[in-house]
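What follows is a single structure, written as structure tokens, with notes after it.
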Amino acid sequence: MVESHSRDESLQPAVPQPFRSFSSSCDAETQRLGAAPAFAITSGKGGVGKTNVVANLAAALMLKKKQIMVIDANLGLANLDLFLGVKPKYTLADFFSAAVSLSEIITINRHGILLVPGASGVPKITELRHDQKLALLTALDALTHEVDLVLVDTASGISDAVTYFTTAAQEIIVVVTPEPASLTDAFALVKVLTSTHHQKRFHILANNVSGEDEARCIFDTLSRPALRFLNASLDLLGWIPRDPLLMRAVARSQMVVDETSDAPSAQAFLSIADRLLESIEAGVKVKGNLQFFFQRVLEADRAER
């Protein structure tokens, strides 16, 4: 078991009853899922602000009166808890070691965002075995019937853990910045997910841009070759402006949506939250809920084996 942080009670609201009552077996036959679409938020390279995007989108969606669960799937280098202002007692490392059930590691922040915390500095969980994937998805299948939407914060790059979570989700959001390396690595990620894992639809979120023109330039740079050479469909989900107030919030490991709600970047996150909810109404329900997430990973894993 990893060394656990001591719990900061001032940051820990009471955990809702549904997340206290599950047994470690997580009986999926008696606890059925509601509609909880999963969005994987990923990137080709690190340093593009992906985890900050996840935290602020979760906060924006909570302001839309939605119950949100976020999964820190950056296994081994997790830090989403810092942005959410919590200190988890347990992490996924404890779950995978069979020390605790998944419901016991769920942490709730002061806004009501439910966090499935990843571990930090635990390299042995960065590569998941088949039985660990099965255990995680079985537990998630039982727990997520109480939420409206799931955001999955993946690691960066094209590792097995990244492709595992991104190919399982109903929708994939790729965070990219104007840096040439970010663009190159984002295209490489789309190429791998398209050619090897048969994904054909991606949302692009341009971060740290000067304005809409730069965001659309980034999108065009990715979407044209993706359509021509990969037959992949990309759409521009939205863009986050370069904002000193956002940078200040990041430096403090805080969310700009919470700290300065009238900041340009905060307003952008709220607009993107609206687009996510619109996309759910328009298409995600056709593909299913987290049961689809569960089935799809198992199918992909069987195919690889």
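The values are calculated or read from the model by the stated rules, or taken from the named source; none is laboratory data. Model, not experiment: these values are computed from the prediction. Every residue, glycine as well, gets a Cβ built from its backbone with ideal geometry; the counts of neighbours run over all protein chains shown.
Summary table
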{"quantity": "Condition check for Thr177: touching a Gly at 6+ places or on another chain (Cβ under 9 Å), in contact (Cβ under 8 Å) with a residue 40 or more places away in the chain and surrounded by fewer than 21 Cβ atoms within 10 Å (Cβ to Cβ)", "calculated": "no"}
{"quantity": "Evaluation of Gly85 against (1) without any contact (Cβ under 8 Å) to a residue 24 or more places away in the chain; (2) touching a Lys or Arg at 6+ places or on another chain (Cβ under 9 Å) (one fails), failing number", "calculated": "(1)"}
{"quantity": "Any hit, the range 109-118, residues being over 24 Å from Gly49 (Cβ atoms) and outside any loop (DSSP other than H, G, I, E, B)", "calculated": "no"}
{"quantity": "Qualifying residues in the range 193-203 (those that are outside any loop (DSSP other than H, G, I, E, B), within 19 Å of the chain's Cα centre (by Cα) and not aromatic (Phe, Trp, Tyr)) - the one surrounded by the most Cβ atoms within 10 Å (Cβ to Cβ)", "calculated": "Leu193"}
{"quantity": "Extreme residue, surrounded by the most Cβ atoms within 10 Å (Cβ to Cβ), among residues of the range 97-130 that are of a type in the set (D, E, K, R) and at pLDDT 85 or above", "calculated": "Glu104"}
{"quantity": "Filter result for the condition that a residue is touching a Ser or Thr at 6+ places or on another chain (Cβ under 7 Å) and closer than 24 Å to Leu246 by Cα, over Asp213, Asp153", "calculated": "Asp153"}
{"quantity": "The lone exception for Ser182 - which of (1) in contact with a strand residue (DSSP E or B) (Cβ under 6 Å, 6 or more places away or on another chain); (2) surrounded by fewer than 21 Cβ atoms within 10 Å (Cβ to Cβ); (3) of a type outside the set (Val, Ile, Thr) it fails", "calculated": "(2)"}
{"quantity": "The range 135-184, residues that are outside any helix (DSSP H, G or I), over 13 Å from the mean Cα position of the chain (by Cα) and either at pLDDT below 85 or over 15 Å from Asn74 (Cα atoms) (or both)", "calculated": "Val147, Asp148, Val176, Thr177, Pro178, Glu179"}
{"quantity": "Number of the exception - His197 against (1) within 24 Å of Asp81 (Cβ to Cβ); (2) at pLDDT 85 or above; (3) not aliphatic (A, V, I, L, M)", "calculated": "(1)"}
{"quantity": "Which numbered condition Ser23 misses (of (1) at pLDDT below 90; (2) outside any loop (DSSP other than H, G, I, E, B))", "calculated": "(2)"}
{"quantity": "Residue match in the range 218-236 (condition: in a strand (DSSP E or B), closer than 18 Å to Val54 by Cα and either in contact (Cβ under 8 Å) with a residue 60 or more places away in the chain or not aromatic (Phe, Trp, Tyr) (or both))", "calculated": "yes"}
{"quantity": "Residue selected from the range 267-277 under the condition within 17 Å of the chain's Cα centre (by Cα) and hydrophobic (A, V, I, L, M, F, W, C), by the criterion surrounded by the most Cβ atoms within 10 Å (Cβ to Cβ)", "calculated": "Phe269"}
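So that you can scan it fast, the table gives a plain yes or no per residue for (1) over 24 Å from Thr166 (Cβ atoms); (2) surrounded by 15 or more Cβ atoms within 10 Å (Cβ to Cβ); (3) not basic (Lys, Arg):
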| residue | (1), (2), (3) |
| --- | --- |
| Ala188 | no, no, yes |
| Ala232 | no, yes, yes |
| Ile240 | no, yes, yes |
| Ala249 | yes, yes, yes |
| Ser265 | yes, yes, yes |
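Conditions (1) over 16 Å from Ile41 (Cβ atoms); (2) touching a Cys at 6+ places or on another chain (Cβ under 9 Å); (3) of a type outside the set (Val, Ile, Thr); (4) at pLDDT below 60, marked per residue:
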| residue | (1), (2), (3), (4) |
| --- | --- |
| Trp239 | no, no, yes, no |
| Met255 | no, no, yes, no |
| Ser261 | yes, no, yes, no |
| Ala268 | no, no, yes, no |
| Ile272 | no, no, no, no |
| Arg275 | no, no, yes, no |
| Asn289 | yes, no, yes, yes |
| Phe292 | yes, no, yes, yes |
| Leu298 | yes, no, yes, yes |
